[in-house]
1. Taking the options Gly54, Gly42, Gly35, name whichever one is over 26 Å from Leu11 (Cβ atoms) and of a type in the set (Gly, Ala, Ser).
2. Is the range 74-88 home to any residue that is surrounded by fewer than 16 Cβ atoms within 10 Å (Cβ to Cβ) and over 20 Å from Gly10 (Cβ atoms)?
3. Criterion first (under 16 Å from the mean Cα position of the chain (by Cα) and either within 14 Å of Thr117 (Cβ to Cβ) or β-branched (Val, Ile, Thr) (or both)) does Glu6 satisfy it?
4. Please go through the range 97-116 and give me each residue that is among the aromatic types (Phe, Trp, Tyr) and open to solvent by less than 90 Å² (accessible area, probe 1.4 Å), ordered by number.
5. Just one of Ser108, Ser70 is at pLDDT below 95 and among the hydroxyl-bearing types (Ser, Thr, Tyr); which is it?
6. Of the conditions (1) more than 24 Å from Val31 (Cα to Cα); (2) open to solvent by 50 Å² or more (accessible area, probe 1.4 Å); (3) out of contact with any helix residue (DSSP H, G or I) (no Cβ under 8 Å at 6 or more places or on another chain), Arg66 fails just one. Which one is it?
7. Filter the range 9-22 down to residues that are open to solvent by 40 Å² or more (accessible area, probe 1.4 Å) and either without any contact (Cβ under 8 Å) to a residue 60 or more places away in the chain or not in a strand (DSSP E or B) (or both), then give me how many there are.
8. (1) buried (at least 20 other Cβ atoms within 10 Å of the Cβ); (2) among the hydroxyl-bearing types (Ser, Thr, Tyr); (3) touching a residue at least 60 places away in the same chain (Cβ under 8 Å): which one isn't true of Ser30, the others all being true?
Amino acid sequence: QVQLVESGGGLVQPGGSLRLACAASSTIFSVDTMGWYRQAPGKQRELVANITSGGTTNYADSVKGRFTVSRDNAKNTMYLRMNSLKPDDTAVYYCNAQIFTFSGGFWSSGDYWGQGTQVTVSS
């Protein structure tokens, strides 16, 4: 079974930094695009940043220049470095990945989500 496990959330003061990590695991698989999404109370889930297997990145305008997404393909792990955090960044952050699995002689693809990690920016 495919699993995405997030870590690194917590409470930080405005202007502070955090680093999130998301590790993908399965028996036999290949990981394509990975992304971070967030959902604040009363709001829809929104894309924060994503990164392809080749390293091409994309950011929401609200985090450009402050957040950096990266990945280690050998470890099937994605990271989100968040600097200059603001109270508006407070949300549950979710990891998403497009993953190919191999079973019974066939490849199949799926869209997977982590369980979410809380990030709270407050003084």
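The values are calculated or read from the model by the stated rules, or taken from the named source; none is laboratory data. Given the structure is predicted, the values throughout are model-derived calculations rather than measurements. Quick reminder, even Gly has a Cβ in these numbers, built from the backbone with ideal geometry, and neighbours come from all protein chains shown. Accessible surface is based on the protein model in full, side chains and every heavy atom, while ligands, DNA and RNA are left aside. Shrake-Rupley method; radii C 1.70, N 1.55, O 1.52, S 1.80 Å.
1. Details: Gly42 fails: over 26 Å from Leu11 (Cβ atoms); Gly35 fails: over 26 Å from Leu11 (Cβ atoms).
Result of the check over Gly54, Gly42, Gly35: Gly54.
2. Within the range 74-88 (the criterion being surrounded by fewer than 16 Cβ atoms within 10 Å (Cβ to Cβ) and over 20 Å from Gly10 (Cβ atoms)), the answer is yes, since at least one residue qualifies.
3. Details: under 16 Å from the mean Cα position of the chain (by Cα): yes; either within 14 Å of Thr117 (Cβ to Cβ) or β-branched (Val, Ile, Thr) (or both): yes.
The answer is yes for Glu6.
4. Phe100, Phe102, Tyr112
5. Ser108
6. Exception for Arg66: condition (2).
7. 4
8. Here Ser30 meets the rest and fails (1).
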